[in-house]
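Q: Sharing a structure below in structure tokens format, with a few things to ask.
The values are calculated or read from the model by the stated rules, or taken from the named source; none is laboratory data. Bear in mind that the values here come from a model prediction, so they are computed numbers and not experimental data. Reconstructed Cβ throughout: ideal geometry from the backbone, glycine too, with neighbour counts over all protein chains shown. Ligands, DNA and RNA are excluded from the accessible area calculation, which covers all protein heavy atoms including side chains. Shrake-Rupley method; radii C 1.70, N 1.55, O 1.52, S 1.80 Å.
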Amino acid sequence: MSTLILVEHEDGNIRPATLSVVTAAAAIGQEIHLLVAGSGAEEVAAKAAAIAGVGKVLLAKHDAYAHELAENLSALVVRHADGYSHILFAATAAGKNVMPRVAALLDVSGISDIIEVRGEDTFVRPIYAGNALATVRSSDPVKVISVRSTAFDAAAEEGGTASVEAVDAAEISDKVSFVGQELSQSDRPELTSASIVVSGGRGMQNGENFSMLDDIAGKLNAAVGASRAAVDAGFVPNEYQVGQTGKVVAPDLYLAVGISGAIQHLAGMKDSKVIVAINKDEEAPIFQVADYGLVADLFDALPELSAALDS
Amino acid sequence: MKIIVGVKRVLDYNVKARVKADKSGIELANVKMSMNPFDEIAVEEALRIKEAGNADEVIAVSIGPVQSQETIRTALAMGADRGILIETNELLEPLAIAKLLKHLVDREQPGLVLLGKQAIDDDANQTGQMLSALSGMSQATFASRVEFDGDQLKVTREVDSGLESIKVTMPAIITTDLRLNEPRYAKLPNIMKAKKKPLEIIPVADTGVDVSSGLSVVEVNEPPRRAAGIIVKNVAELVDKLRNEAKVI
């Protein structure tokens with residue numbers, strides 16, 4: 001038996017989350033096949049074939065695959081699911097949209113957001129905002145899984161010599177269509193794969209003040225994130241949100257500025273290697289998970305920090 | 001048009017989950033339970049759609065133990081018209097929940113099903129997608145805005161790189177994200193009125209739905225704790241520690 005992974009890609013590049021899924025698949029220990037769906041995507045398929053550890057790449061081409069519509073992608077995966085004991089997705093917005101459909105169409109349980117592979121049928125996943133870790137075992141004939149990318153290293157993008165095989169597209173839904181998107185433009189590293197993340201909370205007071213975090217992020221080559229409170233208040237867009245229901249990050253350094261540290265926020269960042277908290281409230285729960293805490297007014301501390309990073 | 005809205009009874013979002021001593025799950029005895037916050041948003045959206053004249057009836061559905069009636073009553077107090085509880089004492093997987101919801105969809109024929117994008121207990125984020133796959137109703141997850149356009153809906157979705165909008169044909173399933181709306185509080189007179197609204201209870205066995213699961217929980221553990229950190233005196237000390245002790249900048 002072997003493992004099938006749905007590849008996520010944009011602008012001709014494979015998303016880093018998919019590379020982490022390949023590492024999770026390697027831990028399961030079977031031959032790994034990647035499924036690439038796109039309107040062209042030969043370039044993506046070639047990159048997929050070069051990933052270390054990949055045995056074969058399946059390429060399905062259709063104009064409808066230019067957008068990641070769940071109906072179309074789930075039909076495609078199910079069409080090519082025969083012979084696979086494991087089907088893996090990244091636990092991204094796109095992966096979460098598709099994985100449960102595939103599980104339901106195959107009449108098996110979905111296994112969300114795994115952080116550890118204990119064996120070919122046993123996995124660990126966080127529940128209750130990461131306040132507990134459930135070890136689950138599946139007796140289903142095929143295990144349909146989404147993988148938390150921060151829990152697995154990225155597979156090497158070179159070294160593989162897999163073949164690319166063209167496969168048929170599946171049924172295209174006429175009930176759903178893509179209208180448009182508003183994507184944030186940023187030169188910064190992507191939030192979930194950045195090695196340093198600088199995040200702001202309600203204490204930032206408004207969106208303009210996030211420029212102080214941008215300044216520090218620029219000096220550290222960091223991504224900028226935010227707490228739910230800051231997003232709900234409209235300081236920054238939704239894609240900045242770190243937490244139980246937003247993005248999960250685990251960088252080498254997480255700098256939390258003006259963030260109190262609600263459990264829902266901690267769920268999204270407490271696996272960071274080093275956590276720094278700057279908050280004027282010494283009772284803020286964020287200090288309980290911080291390796292280094294600074295009790296200070298952020299409007300004093302951030303300019304000082306910016307200057308200190310220059311020296 | 002009818003709207004079915006799913007409401008799940010979960011550990012209150014302000015209560016810290018504690019793992020049971022026998023590692024079988026989370027301690028739920030004598031702790032505050034509430035409606036899943038994403039489901040509150042779903043109820044609110046259903047009510048707004050009805051208030052705008054785009055729906056006639058809002059049906060609040062829960063699947064769980066007898067106490068889930070309280071969660072349904074909360075939805076009725078917010079303004080839902082009637083409730084249905086599929087009663088079970090088992091902790092069901094999302095696939096079983098989706099099959100039970102499909103059973104109700106087949107019976108009630110709603111134009112819209114509104115569900116939270118995930119429940120804050122198991123954090124699975126599966127049920128809406130599964131119900132769409134099983135029922136053939138269109139899927140629009142992680143919604144931050146819903147607009148009516150004839151027999152279609154334009155749904156703005158929160159995705160990893162920003163916002164995406166799609167058009168789906170009704171009947172459709174929408175799962176709610178945080179920015180869709182701010183749920184109302186139930187007013188006292190409405191809480192009293194909600195006690196008189198119809199609430200049907202269906203034992204899970206009466207549905208004839210197979211709720212067996214291939215997934216079992218081996219054990220539940222607490223996550224590893226972080227070692228205690230230190231408080232630094234000033235920015236200079238912080239930068240020094242990050243450069244020379246942690247070596248991360």
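Q: Highest first, please rank the peptides B:72-78, B:196-202 by the mean number of other Cβ atoms sitting within 10 Å of their residues. Present the calculation step by step, with values, prior to reporting the outcome.
A: Details: B:72-78: 24.9, B:196-202: 13.9.
Top of the packing list down: B:72-78, B:196-202.
Q: If R₀ is 51 angstrom, what is the calculated FRET efficiency for the pair A:S39 and A:D215, using the beta carbon separation as r and rounding to 0.05?
A: Details: r = 39 Å, r/R0 = 0.77.
So, using R0 = 51 Å, E works out to roughly 0.85.
Q: What is the interface area between chains A and B, defined as buried accessible area summed over both chains with a 1.4 Å probe, reported in Å² to the nearest 100?
A: 6500 Å²
Q: Summing -39500 (n - 2.57) over the DSSP H runs of n ≥ 4 in chain B and dividing by its residue number, what mean residue ellipticity at 222 nm do you reach, to the nearest 500 deg cm²/dmol?
A: -7500 deg cm²/dmol
Q: Accessible area per residue of chain B at 1.4 Å probe, in Å²?
A: The answer is 45 Å² per residue.
Q: From other protein chains only, count the Cβ atoms within 10 Å of every residue's Cβ in B:225-238, then give the mean. Write out the running numbers ahead of the final one.
A: On the way: counts 3, 9, 1, 5, 11, 4, 8, 8, 3, 6, 13, 4, 2, 11.
For this peptide, the per-residue mean of nearby foreign Cβ atoms is 6.
Q: Of the residues A:S227, A:S173, A:S272, which exhibits the maximal mean-square fluctuation in a Gaussian network model of chain A defined by a 10 Å Cα contact cut-off?
A: A:S173
Q: Hey, another quick one. Per residue of A:288-295, how many C-beta atoms from partner chains lie within 10 Å of its own C-beta, taken as a mean?
A: If you average over the peptide's residues, the count of other-chain Cβ atoms is 6.
Q: According to a simple spin-label model (label point 7 Å from Cα along Cα-to-Cβ), what is the distance in nm between A:A166 and A:D297?
A: It is 6.7 nm.
Q: Projected onto the charge dipole of region B:2-216 (+1 at Lys/Arg Cβ, -1 at Asp/Glu Cβ, origin at the Cα centre), which of B:I3, B:V43, B:F142 gives the Cα projection farthest towards the positive end?
A: The residue sitting most towards the positive pole is B:V43.
Q: Turning to a different aspect of this structure: Give the percent of DSSP beta bridges with both residues in chain B that are antiparallel, rounded to the nearest 5.
A: Within chain B, antiparallel bridges account for around 40 percent of the total.
Q: Then there is this: Shielding by partners for B:148-154, please: the mean number of other protein chain Cβ atoms within 10 Å of each residue's Cβ. Please list the in-between numbers first.
A: On the way: counts 0, 0, 0, 0, 3, 0, 2.
That average works out to 1.
Q: Moving to a separate point now. In nm, give the distance between the simple-model label positions of A:D82 and B:E219, each being 7 Å from the Cα along the Cα-to-Cβ direction.
A: According to this spin-label approximation, the distance is 4.2 nm.
Q: Pop a pseudo-label 7 angstrom from the Cα along the beta-carbon direction at both B:A29 and A:S306 and give the gap in nm to one decimal.
A: Distance between the two pseudo-spin positions: 5.6 nm.
Q: With +1 on each Lys and Arg Cβ and -1 on each Asp and Glu Cβ, and nothing else charged, work out how big the dipole of region B:2-216 is about its Cα centre, in Debye to the nearest 20.
A: 580 debye
Q: Loop only by DSSP, 13 or fewer other Cβ within 10 Å of the Cβ. Give me the GluC sites (Glu not before Pro) in region A:140-180 that pass, ordered by residue number.
A: A:E158, A:E171
Q: With a 1.4 Å probe and all protein chains kept in place, how do A:M1, A:M204 rank by accessible area, largest first?
A: Correct descending sequence by accessible area is A:M1, A:M204.
Q: At a Förster radius of 22 Å, what calculated FRET efficiency corresponds to the Cβ-Cβ distance of B:N14 and B:K195, to the nearest 0.05?
A: The calculated FRET efficiency here is 0.30.
Q: Then there's this: Counting only residues 5 or more places away or on other chains, whose amide H sits under 5 Å from the amide H of A:A296 once H atoms are built in the peptide plane?
A: A:N279, A:K280
Q: Using a 1.4 Å probe, what is the accessible area per residue for region A:244-295, in Å²?
A: Working: 1710 Å² over 52 residues.
Here the residues of region A:244-295 average 33 Å² of exposed surface.
Q: Next up: Does the protein assembly as shown classify as rounded, prolate or oblate by the C-alpha gyration tensor (a ≥ b ≥ c root eigenvalues; a/c under 1.5 gives rounded; else a/b over b/c gives prolate, otherwise oblate)?
A: Oblate is the answer for the protein assembly as shown, as a/c is 1.5 or above yet b/c matches or exceeds a/b.
Q: Another question, then. I'd like the orientation of helix B:68-78 relative to chain B: the angle between its Cα long axis and the longest Cα principal axis, in ° from 0 to 90, rounded to 10.
A: Approximately 80 degrees, to the nearest ten.
Q: For chain A, with a Gaussian network of springs between Cα atoms less than 10 Å apart, report the residue from A:D107, A:D153, A:D300 with the top mean-square fluctuation.
A: Looking only at A:D107, A:D153, A:D300, the biggest GNM fluctuation is shown by A:D300.
Q: Once amide H atoms are placed 1.01 Å from N in the peptide plane, what residues at a sequence separation of 5 or more from A:G110, or on another chain, have their amide H within under 5 Å of its amide H?
A: For A:G110, whose amide H was placed from the backbone, the distant partners under 5 Å are B:L95.
Q: Also, quick follow-up: With springs only between Cα atoms under 10 Å, which of A:H33, A:H265, A:H62 fluctuates most in a Gaussian network model of chain A?
A: Looking only at A:H33, A:H265, A:H62, the biggest GNM fluctuation is shown by A:H62.
Q: Here's another thing I want to ask about it. Where in chain A lies the longest segment free of trypsin sites (Lys or Arg not before Pro) that are both loop residues by DSSP (not H, G, I, E, B) and have at most 14 other Cβ atoms within 10 Å?
A: My reading of the result: A:119-272 is the longest stretch.
Q: What residues from region B:32-66 fall in the zone where the backbone N is under 11 Å from a label point 7 Å along the Cα-to-C-beta line of B:F148?
A: B:48-57
Q: Apply the Karplus curve 6.51 cos²θ - 1.76 cosθ + 1.60, θ = phi - 60°, to the phi angles in region B:37-43 and return the couplings in whole Hz, x for Gly and Pro.
A: For region B:37-43, the Karplus-derived couplings read x, 5, 6, 4, 5, 5, 4 Hz, x marking Gly and Pro.
Q: List, in order, the whole-Hz ³J(HN,Hα) value for each residue of region A:14-29 obtained from phi through the Karplus relation with A = 6.51, B = -1.76, C = 1.60 and θ = phi - 60°; use x for Gly and Pro.
A: Listing the rounded values in order: 6, 5, x, 4, 5, 5, 5, 5, 4, 5, 5, 5, 4, 5, 5, x Hz.
Q: Got the relative contact order for chain B handy, in percent, Cα pairs under 8 Å and 6 or more residues apart?
A: 23 percent
Q: If you don't mind, another one. As an exercise, use a Förster radius of 45 Å and the Cβ-Cβ distance of A:E157 and B:R226 to find the FRET efficiency, rounded to the nearest 0.05.
A: 0.90
Q: Here's another thing I want to ask about it. By DSSP, what percent of the beta bridges with both residues in the protein assembly as shown are antiparallel, rounded to the nearest 5? Intermediate results must be reported in sequence, preceding the final value.
A: On the way: 41 of 121 bridges.
Just about 35 percent of them are antiparallel.
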